[in-house]
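Undergrad: What follows is a structure written as structure tokens; I'll ask about it next.
The values are calculated or read from the model by the stated rules, or taken from the named source; none is laboratory data. Fair warning: this is a prediction, and the values are worked out from it, not measured in the lab. Neighbour counts are summed over all protein chains in view; Cβ atoms, including those assigned to glycine, are modelled from backbone coordinates with ideal geometry. Ligands, DNA and RNA are stripped out before the accessible areas are found, and what is left, the full protein with its side chains, is counted by its heavy atoms. Shrake-Rupley method; radii C 1.70, N 1.55, O 1.52, S 1.80 Å.
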Amino acid sequence: MEAALSIFKLSFLLTLLSGGSDLIDSLPPNCNRAECPSYEVVHAGNGYEIHRYNTTVWISTEPIQDISLNEASGNGWNQLSDYMNGNNDYHQRIEIALPYITQVSQNLSTFIVSFFVPKAFQPDPPPGNNLHVQRWDSRYVAVKQISGYVADHRIGKQVAELKASLQGTVWAKAIEKSRETGGVRSAWAYTVAQFSWPFQWSQRVNEIWFPFEMEDEETVSIVTQ
């Protein structure tokens, strides 16, 4: 009962906050054409936003060893698009949803690429060769939105800018705590979420994610201060 009440209070609060002019409670443009996970904007800061995602399901590659995020993401895209086009154990074609994400290890040389699984397939995603399912509990994500193509020579700067924007905030403390306690960010330095297809030349939207865990009650306390 207390948990349900907490979620209700948070949902009610976020509904009120979403009316503020300083919050951008909208999905990237391509989510008008492709299925995307929904989220709530908890906080809009200088150079970042804090989003709260409910449970999500992803189909993921095995770890890819590489020195290039671009190369690893392309490798993962090829595996996963083949799977979505019907090369899976159920021989089912699955409409590609967005985003596709690349989780980057702390040593920056191991990557896992994942596609968001459309809701119709989330209860029973078709098994695939050398692929596995990730089921994420609800979580918070510190987000920096960027345009253009994700490029190896740019990504480090963008990650550093997000980290600098968060410095000294309660969110930075929560992210660090989640990492230190073995939470959702402990194995990964950051995640790149791409809301544009590889062949899309304009109006590209990408995001840098720092996922973390935080109690909803604690979040309510922070955003109401």
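Undergrad: Can you give the Kirkwood hydrodynamic radius of segment 37-224 from its Cα pairs, in Å with one decimal?
TA: Evaluated on segment 37-224, it is 17.1 Å.
Undergrad: Just the accessible area for ILE59, please: 1.4 Å probe, Å², rounded to the nearest 10?
TA: Around 0 Å² of this residue is reachable by solvent.
Undergrad: Could you list the GluC sites (Glu not before Pro) in segment 31-131 that lie in coil according to DSSP, counting only those with at most 10 other Cβ atoms within 10 Å of their Cβ?
TA: Answer by residue number: GLU95.
Undergrad: To the nearest 20 debye, what is the magnitude of the charge dipole of segment 37-224 about its Cα centre, counting +1 on the Cβ of each Lys and Arg and -1 on the Cβ of each Asp and Glu?
TA: My answer is approximately 380 debye.
Undergrad: What fraction of the Cα pairs in segment 93-204, stated in percent, has a spacing above 19 angstrom?
TA: Details: 3369 of 6216 pairs.
The share of Cα pairs beyond 19 Å in segment 93-204 comes to 54 percent.
Undergrad: If you average 1/r across every pair of different Cα atoms in segment 127-169 and take the reciprocal, what Kirkwood value do you get, in Å? Intermediate results must be reported in sequence, preceding the final value.
TA: Details: mean 1/r = 0.0738 Å⁻¹.
One decimal place: 13.6 Å for the Kirkwood radius.
Undergrad: By accessible area of protein heavy atoms, probe 1.4 Å, what ranking do TRP201, TRP58 get, highest first? Show your work: numbers first, answer last.
TA: Numbers: TRP201 210, TRP58 0 Å².
Largest accessible area first, the list is TRP201, TRP58.
Undergrad: So how much slack lies between TYR90 and THR181, counting 0.36 nm per residue of separation and subtracting their Cα-Cα distance, in nm?
TA: Working: separation 91, 0.36 × 91 = 32.76 nm, distance 3.83 nm.
Here the segment from TYR90 to THR181 would lengthen by 28.9 nm.
Undergrad: Rolling a 1.4 angstrom probe over the protein chains, ignoring ligands and nucleic acids, what is the accessible area of LYS173 in square angstrom, nearest 10?
TA: Around 140 Å² of this residue is reachable by solvent.
Undergrad: Let me ask something additional. Give the accessible area for MET214 in Å² (nearest 10); use a 1.4 Å probe, count only protein heavy atoms, and leave out ligands, DNA and RNA.
TA: 30 Å²
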